[in-house]
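Asker: Quick one: the structure is below, and I'll ask about it shortly.
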Amino acid sequence: MKKSSLIVLGSALAVFVMAACESTDNSNSRGSNRFGYRGSSGATQFATPTPTPEGYTDQPVVPIVQPAPVFAPTPPPVTIAPRDVSFGTPVPGKPGFVTSPHSPYAGYVDVRGFPPNTEVKCPYSGKIFLVP
């Protein structure tokens with residue numbers, strides 16, 4: 001009798017252990033198979049990478065490439081070259097008339113109505129000079 005009760009008890013224990021191993025969640029009801037992946041009819045499912053002992057992941061690493069920023073070209077700096085402009089020479093006894101420094105023997109230049117330090121163009125040489 002001892003052997004038969006051990007067999008019955010062992011069988012009941014085996015059935016109990018197998019029933020405990022059965023999964024109770026309905027993961028297949030969401031459309032995935034027993035491995036956790038969806039079939040071809042389901043939507044795409046993204047897996048989270050799992051780190052390996054070396055610190056690397058099993059998933060392939062896809063680098064994120066961002067477009068380079070677009071900058072407008074910088075215009076060259078505006079430099080004003082110092083101009084070497086000389087003054088006209090006042091004509092003695094004739095107010096408002098000067099002699100051009102670029103053509104002193106060509107004649108007088110009428111600068112009446114121009115304030116001092118104004119740039120004027122010499123009618124004889126076409127160059128610029130300042131009113132004294």
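The values are calculated or read from the model by the stated rules, or taken from the named source; none is laboratory data. Values in this document were obtained by computation on a predicted structure and should not be read as measured data. Using ideal geometry, Cβ is built from the backbone for each residue, glycine included, and neighbour counts are taken over all protein chains shown.
Asker: Would you mind stating whether G107 is at positive phi and either at pLDDT below 95 or loosely packed, with under 11 Cβ neighbours inside 10 Å (or both)? Before the answer, list the steps.
Answerer: Working: at positive phi: yes; either at pLDDT below 95 or loosely packed, with under 11 Cβ neighbours inside 10 Å (or both): yes.
Spelling it out, G107 is indeed at positive phi and either at pLDDT below 95 or loosely packed, with under 11 Cβ neighbours inside 10 Å (or both).
Asker: So which strands (runs of 3 or more DSSP E) stay within the stretch 82-132 end to end and still have 3 or more residues that are without any contact (Cβ under 8 Å) to a residue 24 or more places away in the chain?
Answerer: So the answer is 108-110.
Asker: Any residue that is closer than 16 Å to S125 by Cβ and either in contact with a Pro (Cβ under 8 Å, 6 or more places away or on another chain) or not basic (K, R) (or both) - is there at least one of those in the stretch 62-83?
Answerer: Checked the stretch 62-83: no residue is closer than 16 Å to S125 by Cβ and either in contact with a Pro (Cβ under 8 Å, 6 or more places away or on another chain) or not basic (K, R) (or both).
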